[in-house]
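First comes the structure, then the notes that go with it.
The values are calculated or read from the model by the stated rules, or taken from the named source; none is laboratory data. Computed from a predicted model, the values in this text were never measured in an experiment. Using ideal geometry, Cβ is built from the backbone for each residue, glycine included, and neighbour counts are taken over all protein chains shown.
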Amino acid sequence: MSIHKAGLCKQAFIFVAVQACSFGVYAEAEDRIKEEVIVEGIRAYLGDFENLETPQSDLKIDSETLRNFGAIDLNQALDLSASVARQNNFGGLWNSFAVRGFVGDENLPSNFLVNGFNAGRGFGGPRDLSGIESVEVLKGPRAALFGRGEPGGVINLVTKRPTFEQAGEVRLSAGSFNTVRTDIDWDSPLSDSVAIRLVGFYEDAESFRDTIETTRQGLSPSLAFRFSEQSQLTYELEYSYQEIPFDRGVVAVGLAGEEKVLGLIPESRFLGEPGDGPMEAEVLGHQLEFQYDFNKDWSALIGLNFRDTSLEGNATENGFFGSRQFLQRDGENLTRFRRFRDYDATYQVFRAEISGHFATGDVRHRLIIGLDVDEFENDQVFLRARGSAIDDTQPLEDELERLRVTNQVINIFNPVYGAYPLPDPGPNTDRIETQESAGLYIQDQITLTEKLDIRIGARFDDYQQELNNRRSSSISEYSETNVSPQFGVVYKVSDTFSLYAVYGENFRPLSGATDENDLEPNVSESKEIGAKFVLNDGALEATLAFFDIDQSNIATVDADFNATAIGEAQSQGMEFDLIGNLTDTLSIWASLSVLDAETKNAFNDPNFGVEVPAGADLINVPQSQMSVQLVKQTQLAGKELSLIGGLIYVHDRNGFFSDQDFRLPSYTTVHVAAGYEVSDHIELRLGINNLFDKEHYTNSFADVWVDPGTPLNANLSATFRF
């Protein structure tokens, strides 16, 4: 966000503080106003620190970069960061990702923050970017401030909020697979003290996947109230409704005892049942923040967040290889199972903090102190219908005929949908789990000299879990306390170069923990060193980081298939990010990672009961990954023309935790785009993705749940600004 005029600066400062810095944007506001400087690069919920003085590795993906890349959902946005790897996306119904090789609870969506508030742990479908201003990849454990979260890092979404300036745009787009979409963004002051912003979208799309069609719509209005130059209240509403068929992807084919091979069926082949209809995902969220500046040195924030999500529908899914799977006998006929899900989740968070700066002699302190209370309620009703075990003693054709209906058999080379009545699922899971947490946190960045800063912080959490198993009429509880420290040091070698080191810890309660199984929380410890550069007179920034993360208390099972938490894993690697302008007309986005993420001890896979050896690769985590994008600004007929080109590279990786021999192949996809300013009010943009039509697979859960990547596709959009 930029404040370009001193006259606007004083009025807009309070709003900037609310939007960009609930974690302590406090640094000398009055001095900035008097000096009439341009304020840029303030990053939400990280405090008012320049990149060179921050002892952590962060990556901000702004709205211009997202638009140049053509990203419209969170999965696409995170492809721009080589630190993030796609994980099993639950049939296309949620966002799941690993940061620096580690993912959280595979039975829940990966958690993300919205303006610093926990918001991603529900069932509202994949997150659209319509109401998002920027996506922040905050690498390494962050529990010292944010509390429980993903072990490898935190994703924070910064929303579009009122700016007290008049602006608006409507974007109409059409693309491959009969995709049509409309986006609207209207920002306006209603008075000197009240402003409104209305953001919304509607999308209807078919797919390269046979029979798949999705409908999505959402609305994100927000209001800002300035009570004075010292105080402001901001309210945001989030609503979305999506209809998405459940799609487990393609299967690798092979007879029992043989290698499973991908690519024998087309990437378009849908192996579910269109008759199931779509899953319905819905979100209703509210976020309220009040910011008050006591003076130029101290400010306070109080915030509330409430999010209600739901997911409901039927799905026919590819069955696993084992006693019920006929595909391993003839390599042609796949047996399936059918499920009904009715999931509901609520997430509510209260947060209050005070931040400011002071000096003790020649030593300067930048302090953040706060508390938060949150509650996550996860209500799941889950029904299932699956067939009987295969009798290997019977002739192949006779056994296939016996199982055709009961095991919902479909021929993967010549599928016939609706060949028999869909079975009615029976009871399987009926439970509600509640997780409550209260935390206190403090962080102090201490400037010892002009070149040397240290950062010290810690958080204390007290949390409880209650699991109400309605099917068995039993209630169990679990409680724990946790302290998450952080320590960092940064040495500013020059005005353009700094070195840093940081240690931090993270924790995440395990779903299903009870007083009987004593599933202690998943814990991670991270050590990181790095260097940061500012080049080209500040127009170009680079970060080089080396890290080592140890994770313990990973959920697993013992020999009797009882839940336990004895798994350990380690992720070591290097990252390099280079962002900014190479010249006045050429910009670059480059993100590279090289890492080794593997188990440290042998333990059983809780999904299949198979022992995974020490040194096994973690699933869906490539050893190397790269994202590069170049944007050239030029002119055509006196009008601005943007030429965009880039690529995504992903190394081969483990595709099945219980079978280390099953690998997803490496791939490189190329994208190009062009944007042309027809006038001050109209922009046309054409984008082509996967230019060379590379067949690829983005993630998997097992050899029968493999998600193929989208083939060659194009999108044309027209943006009208008013």
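Observations on the structure shown:
- Looking only at the stretch 440-486, and only at residues there that are among the basic types (Lys, Arg) and touching a residue at least 60 places away in the same chain (Cβ under 8 Å), the one that is farthest from residue 524 (Cα to Cα): 455
- Any hit, the stretch 418-427, residues being part of a strand (DSSP E or B), within 34 Å of the chain's Cα centre (by Cα) and closer than 30 Å to residue 309 by Cα: yes
- In the stretch 340-362, the residues that are surrounded by fewer than 19 Cβ atoms within 10 Å (Cβ to Cβ) and either among the charged types (D, E, K, R) or free of Cβ contacts under 8 Å to residues at least 24 places away in the same chain (or both): 342, 344, 359, 360, 361, 362
- Residue 545 vs. criteria among the aliphatic types (A, V, I, L, M), over 30 Å from residue 584 (Cα atoms) and either in contact with a Lys or Arg (Cβ under 6 Å, 6 or more places away or on another chain) or buried (at least 21 other Cβ atoms within 10 Å of the Cβ) (or both): no
- Scanning the stretch 697-722 for residues that are closer than 23 Å to residue 184 by Cβ and either in contact with a helix residue (DSSP H, G or I) (Cβ under 9 Å, 6 or more places away or on another chain) or buried (at least 19 other Cβ atoms within 10 Å of the Cβ) (or both) turns up 717, 719.
- Where residue 187 falls short, out of the listed (1) outside any strand (DSSP E or B); (2) charged (D, E, K, R); (3) touching a Pro at 6+ places or on another chain (Cβ under 8 Å): (1)
- Filter result (touching a His at 6+ places or on another chain (Cβ under 6 Å) and aromatic (Phe, Trp, Tyr)) within the stretch 341-377: 358
- For the stretch 437-462, a tally of residues being assigned to a strand (DSSP E or B), touching a Phe, Trp or Tyr at 6+ places or on another chain (Cβ under 9 Å) and not polar (S, T, N, Q) returns 14.
- Qualifying residue in the stretch 395-411 (condition: surrounded by fewer than 14 Cβ atoms within 10 Å (Cβ to Cβ), free of Cβ contacts under 8 Å to residues at least 24 places away in the same chain and of a type in the set (S, T, N, Q)): no
- Among the candidates 258, 267, the residue that is modelled with pLDDT of 95 or more, charged (D, E, K, R), more than 21 Å from the chain's Cα centre (by Cα) and over 29 Å from residue 161 (Cβ atoms) is uniquely 267.
- Residues of the stretch 363-390 satisfying the condition of being crowded, with 18+ Cβ neighbours inside 10 Å and farther than 29 Å from residue 111 by Cβ: 385, 386, 387, 390
- Here residue 294 qualifies as surrounded by fewer than 22 Cβ atoms within 10 Å (Cβ to Cβ) and closer than 30 Å to residue 358 by Cβ.
- Condition broken by residue 195, with the remaining ones in (1) within 26 Å of the chain's Cα centre (by Cα); (2) outside any loop (DSSP other than H, G, I, E, B); (3) crowded, with 19+ Cβ neighbours inside 10 Å satisfied: (1)
- Residue list for the stretch 677-722, filter: assigned to a loop (DSSP other than H, G, I, E, B), among the charged types (D, E, K, R) and in contact (Cβ under 8 Å) with a residue 60 or more places away in the chain: 695, 703
- None of 219, 284, 237, 233 is within 30 Å of residue 310 (Cβ to Cβ) and either aromatic (Phe, Trp, Tyr) or more than 27 Å from the chain's Cα centre (by Cα) (or both) except 233.
- Filter result (charged (D, E, K, R) and either at pLDDT 95 or above or within 26 Å of the chain's Cα centre (by Cα) (or both)) within the stretch 675-722: 677, 683, 685, 693, 694, 695, 703, 707, 721
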